[in-house]
Amino acid sequence: MKKFINKTDDILKESLTGFATAHQDLVQLKLEPHFLTRKNKAQNKVAIISGGGSGHEPLHAGYIGYGMLDAACPGHVFTSPTPDQMLAAAESVHADKGILFIVKNYAGDVMNFEMAAEMLPFEHTTVLTSDDCAVINSTYTTGRRGVAGTVIVEKCVGSLAETGASLQACKALGDKVNTRTASIGVALTSCTVPAAGRPTFDISDSELEMGVGIHGEPGRRREQMREADAIVHDMVEAILADFKARNLSTQNQECLLLVNGFGATPLMELYLLYNTANQLFSQHGVLITRSLVGNYTTALDMAGASITLCLLDDEITAHWDSPVHTAALRWGK
Amino acid sequence: MKTAFIITAAQAIQQTILANENTLEALDREIGDGDHFINMKRGASNIVDMQAELAGLSPDAALNKIGMKLLSTIGGASGPLLASFFMSMAKVLKENGDESTLKIAAAFAAGVQAIIQRGKASVGEKTMLDVLVPVSNQFVLLATQNCDTKLICATLIKVAEEGMQSTKNLIATKGRAAGLGERAIGHIDPGAKSCQLMIEAVCKQVLENESR
């Protein structure tokens, strides 16, 4: 393992401190328990709190700020945060209109947020994101995983919350965006959890992992490495098949296309993937009207990328386009 | 049950977790995300570090404190699940007392029930429950029959081992390995392995105390 580390146990604290100092105009950091909030507490709105294991940066702290999150709770690398973090964050950002948790659908995250919610003295509800269509057989799973589509949910719900909308309205929009979003990821290399010190999985130069999760957990199939167009073809087909299976039409449908890097794939390659995905979706009658390309939900140093398609409607488009001012997403303000 | 025993059991658990670093890491890399050992190590060391604080508490209060500590230090799925176990066990011990093996077995069973409720899982889904449920059932049965402590511990060690081995040929339907489908077959579940190790360590500790 070759990484920029002083002491493995100090990585999280040092990284969070660096983040909070670099973006001190936007956020502030509290330690023990760890959570980050907006620099200036927002008033008279639903407080949006997300969180999860670290290693997916800029998710979630990078999305704290106007038009998105009020607070984020970072856990250890790839390990969900603990309820005391969520309780302290909620206490700090609560503004009389309730708390909305946005949680990626992983057993650990769900349970820790659930226990926090049970102890919370405020009105609250939760949006569970589950956009990963790589987990095919839902009979044998705890459900689809929440991956890069979470960013779209956080952006849209965050925007709606700024208008003073109710907790129920925010929850409804979050659920709608999640339902209308599908993602699939592919890994070319493993990632290395610093405390483990070696790659999470073995993969040769001639292989790829189709349907990989954002923790380097294996997907469904180990496949032979091939040219980019052929890989994107299979990913696009998987996403279209997922919408079809859920009776959501993609024909002449305006969509947001997100090509997300896992941490070690250059932007140059991500735009190449975007180019192919855009062409293939268009050939299938999908109208790509909004796009986002970059590292938005990463898996430490994994090489690879995910493709996410979100079926827009007027409401989702308006909230996607609305001003946002965070460390990782900023436009219109 | 004495609080002093809970402390020595926690030390025994920490030792077995540390001694099995390679096994636990390898299992979790195969079908999980590679953090199980790190999380268990962090949880165990936090409990051992608070032994002075625990020493002055009643057994149920000590177990509840352990649960709260695990909840705020482990994270992941193991944190809430193990925390639910200890907090529920503590609650039942507080209500019913801890002066007989049967009462301890009943409290243990309540703890396992809390894990089932929190994780919404059951036996056969390739999780820690494949170890804990058979152990709990056997514990209550043997305690009801007034079996001696040596027989109970020896049996539970064996039942835990069998439960752990049984996860090898299961498809995971809960937990991080659930996305793997049939690819999880042939791999022992890391959570089942760590539970088996903990039960073995605690039972051996009881046997050691008995033989003194």
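The values are calculated or read from the model by the stated rules, or taken from the named source; none is laboratory data. The structure displayed is predicted, hence computed values, not measured ones. Please note: Cβ atoms are built from the backbone with ideal geometry, for glycine as well, and neighbour counts cover all protein chains shown.
Scanning for something touching a strand residue (DSSP E or B) at 6+ places or on another chain (Cβ under 7 Å), in a helix (DSSP H, G or I) and in contact (Cβ under 8 Å) with a residue 12 or more places away in the chain, does the range A:324-333 turn up at least one residue? No - not one qualifying residue is present in the range A:324-333.
Here the condition is being within 18 Å of A:SER322 (Cα to Cα) and without any contact (Cβ under 8 Å) to a residue 12 or more places away in the chain; of A:ALA169, A:ALA196, A:ALA161, it holds for A:ALA169 alone. If we scan the range B:30-38, do we find a residue that is surrounded by fewer than 21 Cβ atoms within 10 Å (Cβ to Cβ), within 15 Å of the chain's Cα centre (by Cα) and within 14 Å of chain A (Cβ to nearest Cβ)? Scanning the range B:30-38, I find no residue that is surrounded by fewer than 21 Cβ atoms within 10 Å (Cβ to Cβ), within 15 Å of the chain's Cα centre (by Cα) and within 14 Å of chain A (Cβ to nearest Cβ), so the answer is no.
Of all residues in the range A:104-122, none that is not assigned by TED's automatic domain parsing to the domain that holds A:PRO83 has its Cβ atom under 6 Å from the Cβ atom of a residue that is surrounded by fewer than 21 Cβ atoms within 10 Å (Cβ to Cβ), 6 or more apart or on another chain.
What are the pairs, 6+ residues apart or on separate chains, where a residue within the range A:60-76 that is more than 16 Å from A:HIS34 (Cβ to Cβ) has its Cβ under 9 Å from a residue that is crowded, with 24+ Cβ neighbours inside 10 Å and among the acidic types (Asp, Glu)? That search, which allows pairs on different chains as well, returns A:TYR63/A:GLU154; A:MET68/A:GLU154.
Looking at this structure, is A:GLU57 surrounded by fewer than 21 Cβ atoms within 10 Å (Cβ to Cβ) and without any contact (Cβ under 8 Å) to a residue 24 or more places away in the chain? It would help to see each step written out before you state the result.
On the way: surrounded by fewer than 21 Cβ atoms within 10 Å (Cβ to Cβ): yes; without any contact (Cβ under 8 Å) to a residue 24 or more places away in the chain: no.
Spelling it out, it is not the case that A:GLU57 is surrounded by fewer than 21 Cβ atoms within 10 Å (Cβ to Cβ) and without any contact (Cβ under 8 Å) to a residue 24 or more places away in the chain.
Would you tally the residues in the range B:139-185 being surrounded by 14 or more Cβ atoms within 10 Å (Cβ to Cβ), of a type in the set (Val, Ile, Thr) and away from every other protein chain (no Cβ under 14 Å)? Matching residues across the range B:139-185 total 7.
Considering every residue within the range A:241-251, establish whether at least one is surrounded by fewer than 24 Cβ atoms within 10 Å (Cβ to Cβ) and either over 24 Å from A:LEU312 (Cβ atoms) or basic (Lys, Arg) (or both).
Residues of the range A:241-251 surrounded by fewer than 24 Cβ atoms within 10 Å (Cβ to Cβ): A:241-251.
If we keep only those that are either over 24 Å from A:LEU312 (Cβ atoms) or basic (Lys, Arg) (or both) as well, we get A:244, A:246.
The answer is yes; a qualifying residue exists.
If we keep just the residues of the range A:82-94 that are farther than 21 Å from A:GLY174 by Cα and buried (at least 24 other Cβ atoms within 10 Å of the Cβ), which is farthest from the other protein chains (Cβ to nearest Cβ)? Checked the range A:82-94; the qualifying residue farthest from the other protein chains (Cβ to nearest Cβ) is A:GLN85. For the criterion of being in contact (Cβ under 8 Å) with a residue 12 or more places away in the chain, in contact with a Ser or Thr (Cβ under 6 Å, 6 or more places away or on another chain) and either part of a loop (DSSP other than H, G, I, E, B) or surrounded by 24 or more Cβ atoms within 10 Å (Cβ to Cβ) (or both), A:GLY185 passes.
Looking across the range B:39-90, just one residue is acidic (Asp, Glu) and crowded, with 20+ Cβ neighbours inside 10 Å, and that is B:ASP60.
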